[in-house]
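Structure first, then comments.
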Amino acid sequence: MFWGISPALDLQEEYIRYGDENAYELNFLVIGGCDARHLIKTLAQAYRHKRRYMNLFVVDGCPELIARQVLLLSLALERTTRCGLLEKTRRCLEVYGNLLLRPSTSRYLNAKARQLVAMITNPEYMSCLLPCVSVDQTKYRERDYIENLFNFWTTGNTNQFNACELWEHRIRHSLGVRYDNRAGVFDWDYHMRMKEVASQICFQEYKHFREHGVAFTWLETEVCRPNVSFSAGVYKCGDRYLHRGYLGDLVTSPYIAYGLDCEDKDMLKSSHGVNYKRATDISERNVMRLLYELENRQAFDVNKYSLDTQNLGMVTLSQLDAKISDIVPEAPLILHEDRETYIEVDYGKVHFLSLSALEHYPHKPHFQGLFHGVFVGHNMLSRLKPSVWSMARDDAIVLMETRKYMVEFKRDDVKSYGEIIQQAATTAQCDKISAFSPEKDDFAKFLIRRKSESTDISM
C-alpha cells in the first residue's frame, strides 16, 4: 500500500522515446503510483532532456497515500543547506520504507508534519514554499482528513502507534498457524520467488524486513521510534487518535523502487551468486543521485563524495533487534522555513487529484486528449472505466504495472494478470510496443493509436 511494486520511471524519457520530441509541454497522469518515485525521478532527470514544462497529475486510492507523497516530495525538495546529501538520502529512505526510525529522523518527521499542517490549511503558504506541489484539486473533506493525518504525525506517540506490536499483529494474522515457523516461510518466499525476480536483494535484509518491517539499515544507526506516517484510518477521538494500524505491504518490500538496478554498474557486482552490495546500498546510491540531480540539474559524480565502500552483501550480519525504546522528554524540533529552504522547480508541477476525478474529469472538455502519458498501478487497473482513456492523446504512451514482484501471488496468478492488462489495452485502443511477458517484464508498454487500424496486441 505505501510503496509501489515496480522500479521508478522517468516519464518524460518514456514518452519522447516514442512520441513527439518537439513537444514544448507534457502532461502525465499517474494512477495508483502509491508513492512519489515516478514524480521524483521525472523531475530530477528533466535536465537530461530538452527543456519542457511538465504537469504531473496524480490519482491514488486513499488520502493516506497523497499525504505520504506530499511528505516525500517536501523532503526531496529541501536544499542540502540544512543537512548533507548523505543524511538527506538516508532520511528519505527511512521515511519511505522503515516502520521504525532513528530518533533524529523521528523528531524531523514530527517537525515536518507541523509544517505540512500549515501548508494543507493555507494554500497561499503552500504555494509560497512548494509552488510545484498542489492539492487544490482534491476535495475539502479529503484535505480535512489529510490535515488530521498530519496532526497525528506531529505527536509521534508510541502509545498510540506502537509500530512493533502492529507489525507483529499483521504477521500473526497473515501467517496463522505458520507463525511459529515464520523463519522457514521467509526463507521459502525469498529463495523460491523473490530471488528469481529480484536477485539484487540479499536474504539477510529481506528477512530483517519480513521480521521487523525495517528495510533500510546501516551499521552505525539504530532505529527505535515509530514511523507514524504509516498510520491508516486515523480519526481524532477527544484527546486521542483512533487508527486501523499498519495496512501496508508485509511481503514484497520497498526495495523494488530503487534497489534493483544502478547506473554505477560496479554496485551490481556479485561472486558465485552472492552480491557485493545490498539492495539498501543500491537504493541509497540511486536516491542520492536523484536528490543531487534535482537540486543541481547536472550529472552526479560519485567520485566527489567519500562514500562507504563496504561490501555488506558479502558478509553475514547478526540480526539487529528492532524495538521501540522509551521516549525521553525533549524539546520539539522547530523548522524555520522560507522560500530559500526548497529547490526551485520552474519546469514542472505536481497536481494531486481526488479518486473521483477518474469518473468526472473525462467529461470535462479541457481534459479531453490532454495526457501524453498514463501510468497505471496494478491496484487501480480494474477500477478504470473506459471513459478514462478519452483523456489520453492519440500518441500517448500507456505504462501498466505488472505483478512480477508480488511474492505472495502464485506464478499462475502473476501470468493471468497479463490477461487483465491485455483487456485494458484493448479497451484503450492501444498498440503493443514490444513483446510483453507478465512474469518477466516490470511494465507493459502500449501506444494509443485510435486513428489507425486495430492491431493484434495478444501476448
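The values are calculated or read from the model by the stated rules, or taken from the named source; none is laboratory data. Computed from a predicted structure; not experimentally measured. FYI the Cβ positions are ideal-geometry reconstructions off the backbone, even for glycines, and counts take in every protein chain you see.
Checking the condition of a type outside the set (Val, Ile, Thr) and over 30 Å from residue 364 (Cβ atoms), which residue from 125, 179, 140, 145 passes?
Going through 125, 179, 140, 145 in turn, just one is of a type outside the set (Val, Ile, Thr) and over 30 Å from residue 364 (Cβ atoms): 179.
Do we have any residue at all in segment 187-202 that's surrounded by fewer than 22 Cβ atoms within 10 Å (Cβ to Cβ), over 25 Å from residue 69 (Cα atoms) and among the β-branched types (Val, Ile, Thr)?
Among the residues of segment 187-202, at least one is surrounded by fewer than 22 Cβ atoms within 10 Å (Cβ to Cβ), over 25 Å from residue 69 (Cα atoms) and among the β-branched types (Val, Ile, Thr), which makes the answer yes.
The rows are residues; the columns are (1) within 15 Å of residue 286 (Cα to Cα); (2) touching a residue at least 60 places away in the same chain (Cβ under 8 Å); (3) not in a helix (DSSP H, G or I).
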site	(1), (2), (3)
64	no, yes, no
71	no, yes, no
75	no, no, no
83	no, no, yes
92	yes, yes, no
105	no, yes, no
109	no, yes, no
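Are any residues in segment 44-75 touching a Leu at 6+ places or on another chain (Cβ under 6 Å) and of a type in the set (A, V, I, L, M, F, W, C), and if so, which ones?
Those that are touching a Leu at 6+ places or on another chain (Cβ under 6 Å) and of a type in the set (A, V, I, L, M, F, W, C): 44, 54, 56, 57, 59, 67.
For the condition crowded, with 24+ Cβ neighbours inside 10 Å, under 25 Å from the mean Cα position of the chain (by Cα) and either within 11 Å of residue 31 (Cα to Cα) or among the basic types (Lys, Arg) (or both), what is the one hit in 400, 380?
Every option except 400 fails the conditions.
Let me confirm something: among 180, 187, which residue is within 18 Å of residue 278 (Cβ to Cβ), out of contact with any Gly (no Cβ under 6 Å at 6 or more places or on another chain) and either in a helix (DSSP H, G or I) or not aromatic (Phe, Trp, Tyr) (or both)?
The match here is 187.
Quick one: which of 345, 350, 388 is buried (at least 18 other Cβ atoms within 10 Å of the Cβ), part of a strand (DSSP E or B) and hydrophobic (A, V, I, L, M, F, W, C)?
Every option except 350 fails the conditions.
Restricting to segment 120-148, name every residue that is acidic (Asp, Glu) and assigned to a loop (DSSP other than H, G, I, E, B).
136 - this is the single residue of segment 120-148 that is acidic (Asp, Glu) and assigned to a loop (DSSP other than H, G, I, E, B).
Being in contact with a Leu (Cβ under 9 Å, 6 or more places away or on another chain) and surrounded by 16 or more Cβ atoms within 10 Å (Cβ to Cβ), is that true of even one residue in segment 407-415?
No: segment 407-415 contains no residue that is in contact with a Leu (Cβ under 9 Å, 6 or more places away or on another chain) and surrounded by 16 or more Cβ atoms within 10 Å (Cβ to Cβ).
Of the residues in segment 30-56, how many are in contact with a helix residue (DSSP H, G or I) (Cβ under 9 Å, 6 or more places away or on another chain), at negative phi and part of a loop (DSSP other than H, G, I, E, B)?
Within segment 30-56, residues that are in contact with a helix residue (DSSP H, G or I) (Cβ under 9 Å, 6 or more places away or on another chain), at negative phi and part of a loop (DSSP other than H, G, I, E, B) number 7.
Of all residues in segment 432-447 being without any contact (Cβ under 8 Å) to a residue 40 or more places away in the chain and basic (Lys, Arg), which is surrounded by the most Cβ atoms within 10 Å (Cβ to Cβ)?
It comes out as 432.
Which residues, taken from segment 205-260, are assigned to a loop (DSSP other than H, G, I, E, B) and more than 20 Å from the chain's Cα centre (by Cα)?
Answer for segment 205-260, where residues must be assigned to a loop (DSSP other than H, G, I, E, B) and more than 20 Å from the chain's Cα centre (by Cα): 218, 219, 220, 221, 222, 223, 224, 234, 238, 239, 243, 244.
Between a residue in segment 258-269 that is at pLDDT 90 or above and any residue that is assigned to a loop (DSSP other than H, G, I, E, B) and hydroxyl-bearing (Ser, Thr, Tyr), which pairs come within a Cβ distance under 7 Å, given they are 6 or more apart or on different chains?
Note: pairs meeting the criteria are 269/276.
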